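I have placed the structure first, in the form of structure tokens, so that the comments after it can refer back to it.
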Amino acid sequence: MYKRELRLVSENLYEIEKKGSMNVPGRIYANDNILRSIDINVLSQIENVASLPGIISYSLAMPDAHWGYGFPIGGVAAFPFPDGIISPGGIGYDINCGVRLMKTGITYREVQKKIRPLTDKLFQNIPLGLGQGAIYRPDKAELSKILSRGAQYIVEKGFGDKEDLQRCDSNGCIPEADAEAVSDRAKERGLGQLGSLGAGNHFIEIDVVEEIFDEHFTREAGIFKGELFLMIHSGSRGLGHQITTDWISILMKEIRKKDIFLRDRQLVYTEANTEAGKRYFSAMNAGANFAFANRQLMSHKIRTMFTQYLSNQARVELICDCCHNIAMKESINGKNIIVHRKGATRADPKEKTIYGNKSFSSPVIVPGSMGSGFHLLSPEEKCADTFFSLPHGAGRLLGRKQACRKFKENDIKKELMNKGIYVKNYSSEGVSEEAPGAYKGLEDVVETVTKVGLARSILRGRPVGNIKG
DNA sequence: ATGTGC
């Protein structure tokens, strides 16, 4: 569509040349289908991010990129540390939104007839929907521990095991977190939402392993074709949202005092080594820890529920937990940097996770829309080109309101049921906003990154049951 | 994404 502005670098990789106030070129990963569907706003957002001070190498967009607050969702941008910037817009309101993948040890065939009651049971046991409930209600002192220690604290409380932490990004805890940098209002919202799914694109899905591409991995991990899998997509709920709201307002006030030109106010940033920068970073990490704790509580609840309901046949084990809305301190070529990933997943082939008796490059889960399941990817060397990042999903094609107008809840549920996917939802928007037609194709996203050599697919799953807020 | 608003 916008081929004139994009220069083909190599198959499925395009560049927006550096012009005007841009400090670096932009780069976007896309196959032909994705390229046709690129939103013009995403291109300008890539350019806006490229104009931020100190940005290293490229302003990047993954194939699932779509329009977001300041930065595109599906955007990756790195800045030097300590002499560089950090920007809430490059992280997203839902701090440490992420996806968790679990195996169950049971075959789909065994429980085929129970998928509907199983999905309903998930729906009854997991608090979901806007502003709704919690699995565990901590007191204020406990919440502080959760903000500083994340899933590690939750596992110590008995909700999970050591292996859960080993297979979780950052072992379920970002150390540089400070509960003191989180407002009372944010904490208040968090107290009642620990262990809850939320709304929007958040979901829990029951999937079946449909195709295996890397038998070496699956053999060691004990995964088999036809195995029932579970996927949880959720984040830091109202707490993370409030942290972002608070800090955007603080940083906006600060930046107004300075003589700084912003192409877009939503790109508001602070220098990472200032008092504000350090406090924002620790508040953001506190939000990230809350999200780890949140996903851990839900998976533990599901684990006990599954073993009870299926009379101990099930063994629910974590495969991976991938953050996709976070900025992390990392190093590249011996230099310290802060990588912003907003709707993008960290993917470093050198980072290992143990499955069975062997260690493998930590895998990355890429879910599609409600109708399409997921791919489990293994990062490859080429990820050095993306600051070690991969896409986080299929990526929206239509805005929420647009999707709501176009798709009706009952039509979509019927369509999905015909494809063998049972959906249990809290609100009608939960289905119409998230209709498969509102998303890009998962296979296009996966094809883009595999052809470029950023990753290869380990396995593919197809959905059979889904709960939504 | 979100008790959806400066």
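The values are calculated or read from the model by the stated rules, or taken from the named source; none is laboratory data. The shown structure was predicted, so the numbers you read here are calculated from the model rather than taken from an experiment. We place every Cβ from the backbone using ideal geometry, glycine too, and count neighbours over all the protein chains shown.
Sub-6 Å Cβ pairs linking a first residue in segment A:182-205 that is farther than 17 Å from A:Ala288 by Cα to a second residue that is in a helix (DSSP H, G or I) and more than 10 Å from DNA strand B (Cβ to nearest atom), at least 6 apart or interchain, are A:Ile204/A:Leu122, ordered by first then second residue.
So, A:Ile250, is that one out of contact with any strand residue (DSSP E or B) (no Cβ under 7 Å at 6 or more places or on another chain), under 21 Å from A:Gly84 (Cβ atoms), at pLDDT below 95 and not hydroxyl-bearing (Ser, Thr, Tyr) or not? Taking the combined requirement at face value, the residue does not satisfy it. Scanning segment A:161-203 for residues that are within 16 Å of DNA strand B (Cβ to nearest atom), assigned to a helix (DSSP H, G or I) and crowded, with 23+ Cβ neighbours inside 10 Å yields A:Ala186, A:Gly190.
Filter segment A:225-269 for residues that are within 20 Å of A:Cys320 (Cα to Cα) and part of a loop (DSSP other than H, G, I, E, B); which is nearest to DNA strand B (Cβ to nearest atom)?
A:Gly235
Among residues of segment A:45-69 that are under 15 Å from A:Glu5 (Cβ atoms), none has a Cβ under 9 angstrom from a residue that is part of a strand (DSSP E or B) and among the acidic types (Asp, Glu) at a sequence gap of 6+ or on a separate chain. Grab the helices (runs of 4 or more DSSP H) fully contained in segment A:354-469, keeping just those with 2 or more residues being crowded, with 24+ Cβ neighbours inside 10 Å and touching a Pro at 6+ places or on another chain (Cβ under 6 Å). Filter on segment A:354-469 gives A:442-452. Scan segment A:214-224 and give yes if some residue there is more than 22 Å from A:Asp83 (Cβ to Cβ), at pLDDT 95 or above, among the charged types (D, E, K, R) and within 14 Å of DNA strand B (Cβ to nearest atom), otherwise no. For segment A:214-224, residues more than 22 Å from A:Asp83 (Cβ to Cβ), at pLDDT 95 or above, among the charged types (D, E, K, R) and within 14 Å of DNA strand B (Cβ to nearest atom): absent. For the subset of segment A:251-270 comprising residues that are of a type outside the set (Phe, Trp, Tyr) and crowded, with 18+ Cβ neighbours inside 10 Å, which member is farthest from A:Ser51 (Cα to Cα)? Here the residue is A:Leu251. Restricting segment A:36-61 to residues that are at pLDDT 95 or above and part of a loop (DSSP other than H, G, I, E, B), the residue that is surrounded by the fewest Cβ atoms within 10 Å (Cβ to Cβ) is A:Pro53.
Taken as a whole, the condition of being more than 21 Å from A:Gly393 (Cα to Cα), within 16 Å of DNA strand B (Cβ to nearest atom) and crowded, with 22+ Cβ neighbours inside 10 Å does not apply to A:Ile146.
What do you reckon, is A:Glu176 under 20 Å from A:Asp246 (Cα atoms), of a type in the set (D, E, K, R) and under 21 Å from the mean Cα position of the chain (by Cα)?
Numbers: under 20 Å from A:Asp246 (Cα atoms): yes; of a type in the set (D, E, K, R): yes; under 21 Å from the mean Cα position of the chain (by Cα): yes.
Criteria met by A:Glu176.
Starting from segment A:219-244, keep only residues that are at negative phi and free of Cβ contacts under 8 Å to residues at least 60 places away in the same chain, then list their pairs with residues that are within 16 Å of DNA strand B (Cβ to nearest atom) and of a type in the set (A, V, I, L, M) whose Cβ atoms are within a distance under 8 Å, requiring at least 6 positions of separation or different chains. These pairs meet every condition: A:Leu239/A:Val182; A:Leu239/A:Ala186; A:Gln242/A:Ala186.
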